Amino acid sequence: MAALASERRLLMLVAAAMTLMMALATWSWAVGMDHASLRLLTGVVMLALWGLVEWRVPRQCAVRGSGAGVLRWHRAVFATIGLFIAMKHGARLAFELQYLDPEWVPVARRSLHVVAGGLMAVWGNYLPKLMSPWQPEEEPFDWQRVHRFVGWAFTIGGIGTMLTWITLPIDQADAWEPAIVGCVVVLSLGRKLYSLATHSAPRGRAESRPL
């Protein structure tokens with residue numbers, strides 16, 4: 001019962017994060033802010049991805065013990081990203097509608113990006129601890145090695161993002177952050193695609209037993 005209650009709380013948190021994100025994006029569009037349509041599109045894509053995860057993961061992992069952990073991890077990621085995006089939308093609205101003094105804009109920008117870097121580092125640290133939903137002989141790629149590599153990439157990239165926004169002028173930090181994040185994403189996708197192309201799953205125990 002306790003586990004079920006925890007799952008429901010996490011699911012409610014994801015729903016609240018997505019609702020807040022979409023509400024603020026819609027508000028941005030209603031008041032005519034720049035790039036408001038892109039924010040709405042981002043929210044729609046996030047909702048679609050969340051729905052896809054909620055639909056596919058339970059079916060793919062129905063017979064595997066770690067499936068619930070994979071779904072929990074995805075929900076935590078969606079809740080974190082949704083709340084962060086909502087926080088960015090809220091800050092932009094506050095300055096656009098003059099609820100906050102424009103002098104606070106540089107501080108707010110630095111703070112948001114430092115938080116984003118911290119979230120990247122935390123995610124990278126947690127990623128290798130996620131158990132595979134497949135049995136070793138069923139894995140389509142080397143789960144542990146790929147997640148360890150991606151975890152290190154996101155941890156280093158997150159720390160680099162934080163240091164960039166703490167130490168550099170805003171215009172330089174603005175130029176360096178996409179390069180850092182882009183490198184992390186390219187390296188992570190490349191490592192997974194390489195593993196998908198070259199991984200050879202070990203034979204099951206039953207196959208390896210002598211007759």
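Of note:
- For beta carbons closer than 9 Å, sequence separation of 6+ or different chains, a first residue in segment 157-172 that is surrounded by 15 or more Cβ atoms within 10 Å (Cβ to Cβ) and a second that is among the polar types (S, T, N, Q), the qualifying pairs are 158/125; 164/172; 165/111.
- Of the set (1) within 15 Å of the chain's Cα centre (by Cα); (2) of a type outside the set (A, V, I, L, M); (3) farther than 24 Å from residue 91 by Cα, all apply to residue 129 but (1).
- Restricting segment 90-108 to residues that are out of contact with any Phe, Trp or Tyr (no Cβ under 8 Å at 6 or more places or on another chain) and part of a helix (DSSP H, G or I), the residue that is farthest from residue 57 (Cα to Cα): 103
- Output for segment 116-147, where each listed residue is surrounded by 16 or more Cβ atoms within 10 Å (Cβ to Cβ) and of a type in the set (A, V, I, L, M, F, W, C): 116, 119, 120, 121, 123, 127, 130, 134, 141, 143, 146
- When residue 108 is tested against (1) exposed (fewer than 14 other Cβ atoms within 10 Å of the Cβ); (2) at negative phi, just one condition goes unmet, and that condition is (1).
- From the list 150, 186, the one residue that fits, being surrounded by fewer than 12 Cβ atoms within 10 Å (Cβ to Cβ) and among the aliphatic types (A, V, I, L, M), is 186.
- Qualifying positions in segment 92-129 - in contact (Cβ under 8 Å) with a residue 12 or more places away in the chain and of a type in the set (S, T, N, Q): 125
- Of the residues making up segment 55-74, just one is at pLDDT 80 or above and either exposed (fewer than 15 other Cβ atoms within 10 Å of the Cβ) or farther than 21 Å from residue 126 by Cα (or both), namely 55.
- Test: residue 30 is within 27 Å of residue 91 (Cα to Cα) and at pLDDT 90 or above: no
The values are calculated or read from the model by the stated rules, or taken from the named source; none is laboratory data. Remember, predicted model here, so these are calculated numbers, not experimental data. Ideal geometry is used to build each Cβ from the backbone, glycine not excepted, and the neighbour counts take in all protein chains shown.
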